[in-house]
Number of protein chains: 2
Amino acid sequence: MVVEHEEQPPLERRSRDPERTKEEILVVSTQEFADRGFAGARVDEIANKTRTTKRMIYYYFGSKELLYMAALERAYEDIRVVEANVDVEHLDPIRAIRRLAELTFDRHEANPNFSRLISQENVQRGQFVTKASGFPRLERPIIKILEQVLERGRAEGVFVRDIDALDVHMLISSFCFFRINNRFTFAASFGRNLVEPDRRAMYREMIGDVVVDYLTTPSPEDH
Amino acid sequence: MVVEHEEQPPLERRSRDPERTKEEILVVSTQEFADRGFAGARVDEIANKTRTTKRMIYYYFGSKELLYMAALERAYEDIRVVEANVDVEHLDPIRAIRRLAELTFDRHEANPNFSRLISQENVQRGQFVTKASGFPRLERPIIKILEQVLERGRAEGVFVRDIDALDVHMLISSFCFFRINNRFTFAASFGRNLVEPDRRAMYREMIGDVVVDYLTTPSPEDH
DNA sequence: GTCCTAATGTACGAACTGGAGAATTCGCGG
DNA sequence: CCGCGAATTCTCCAGTTCGTACATTAGGAC
């Protein structure tokens, strides 16, 4: 949690270091875009919070829009790296599902900026991720992993619900996303703090239970 | 939501009608704020899309901020009215839960602007709903209704899971909210269109199944 | 009709904001 | 130690945007 100090006291490293400069701009702008949205973020403000100047932002990234895209892309990349290292093959299907749910849960909690960036993007109708030109693929490794677990579970006969990995992931993500992202309006409406430490363990377990119960219960005959 | 059909005024109606002017500003600004966010919305643009002028916005609402709050408040009020008219007392607990899930599902689909406004609010850390000064209560009738259904279900022995109405509502809302709100980035990442008509019925049923399965399955002994 | 006030219209300004031209400096290869 | 291009700083600008001062008009009360 970076506290906003108006003018960062002289971390007076002035020497040239393009990589560090670029990286610092990216980190700071991610925070700013997550905090204020694309329209709300100010290029001047981003510059002030780095040890470099606004001109450098344009030098390296070209425009506010391209900077935003770079930040978004980086955020996706971070997630992808985490997911690529998940290993649940040694767990039985039910435990594996729980584990995946917990991973998603933890990821949302540990990295709220990603979710907020995603929120921004969606409010703007995905104006940047949708951009055919130049926006890289956003593929996510977790789907393949989920597919394998579901396959095993079905083979073993423990998962009996007819549903695919994408929809399971959607169910898990929606819960984790909502808990973090909508905590402010939820608290305002219902007076419950969804991220209160005392409740954390309960919610973390809850989403696992929800998914497992769903997967292991046959579809109702009538409806 | 409610379209006034009375005497269809041929758009160039210039006569004075404070109520209509106010209402029109509110409707248009809700759309603009949902589309572009608080920072992204332009007061001039809102004015252009009404039959009145920017001056009137300030005359009636005082500032961009107050206008935003009025729009947000109105959106909550609309939801509250819908929820207040829900009647599931004649249904058995399981069917009642399904019905409530469907209502929430339909509400999110029918009124995406509300969700987007909510998203905005949360990205900004609830800066307006949290505002102690002046922001009205956001209470939601659906919670009481849910409580009654859960109570009945437990009395009848069909609901065995230890969970309260707020968390059930959270589970339902998160699913419905995510499906509508995050559809753009979800499509970009996973190539699945969550609001495609062909899938609609499936998701609508799915969230009911999820909740019912969860409520009717006992907590696992070990973990 | 006259009067009075709520409602509306017009035009403007001060501050902000994304962006860029051009000068300057650093540091590395030779 | 020199030369050169990359990195950085300085400075300014043109367009935008919220907000308002001031003028004007409609229409109900009497």
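The values are calculated or read from the model by the stated rules, or taken from the named source; none is laboratory data. Computed from a predicted structure; not experimentally measured. Glycine also receives a Cβ, built like all others from the backbone with ideal geometry; neighbour counts cover every protein chain displayed.
Data table
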{"read-out": "Residues satisfying the stated conditions in region A:176-204, i.e. without any contact (Cβ under 8 Å) to a residue 40 or more places away in the chain and within 8 Å of another protein chain (Cβ to nearest Cβ)", "value": "A:PHE178, A:ASN182, A:ARG183, A:PHE184, A:THR185, A:PHE186, A:ALA187, A:ALA188, A:SER189, A:PHE190, A:ARG192, A:LEU194"}
{"read-out": "Pair list, Cβ < 7 Å and 6+ apart or interchain, from region A:40-55 residues that are in the same structural domain as A:THR21 (by TED's automatic domain parsing) and near DNA strand C (Cβ under 6 Å from one of its atoms) to residues that are assigned to a helix (DSSP H, G or I) and of a type in the set (Gly, Ala, Ser)", "value": "A:LYS54/A:ALA47"}
{"read-out": "The lone exception for B:ILE163 - which of (1) facing chain A (nearest Cβ under 8 Å); (2) of a type in the set (A, V, I, L, M, F, W, C); (3) farther than 25 Å from B:GLY208 by Cβ it fails", "value": "(3)"}
{"read-out": "Qualifying residue in region A:26-34 (condition: assigned to a helix (DSSP H, G or I), among the aromatic types (Phe, Trp, Tyr) and within 15 Å of DNA strand D (Cβ to nearest atom))", "value": "no"}
{"read-out": "Among the residues listed as B:PHE178, B:PHE159, B:PHE128, B:PHE135, the single one being at pLDDT 95 or above, of a type in the set (Phe, Trp, Tyr) and within 21 Å of the chain's Cα centre (by Cα)", "value": "B:PHE178"}
{"read-out": "Test: residue in region A:57-66 that is within 12 Å of DNA strand C (Cβ to nearest atom), surrounded by fewer than 16 Cβ atoms within 10 Å (Cβ to Cβ) and either within 14 Å of another protein chain (Cβ to nearest Cβ) or within 30 Å of A:VAL211 (Cα to Cα) (or both)", "value": "yes"}
{"read-out": "Test: residue in region B:127-144 that is outside any loop (DSSP other than H, G, I, E, B) and either facing chain A (nearest Cβ under 7 Å) or touching a His at 6+ places or on another chain (Cβ under 6 Å) (or both)", "value": "yes"}
{"read-out": "Residue match in region B:189-209 (condition: outside any helix (DSSP H, G or I), more than 19 Å from A:GLY191 (Cα to Cα) and out of contact with any helix residue (DSSP H, G or I) (no Cβ under 9 Å at 6 or more places or on another chain))", "value": "yes"}
{"read-out": "Positions within region B:67-82 being closer than 16 Å to A:PHE190 by Cα and among the β-branched types (Val, Ile, Thr), in sequence order", "value": "B:ILE79"}
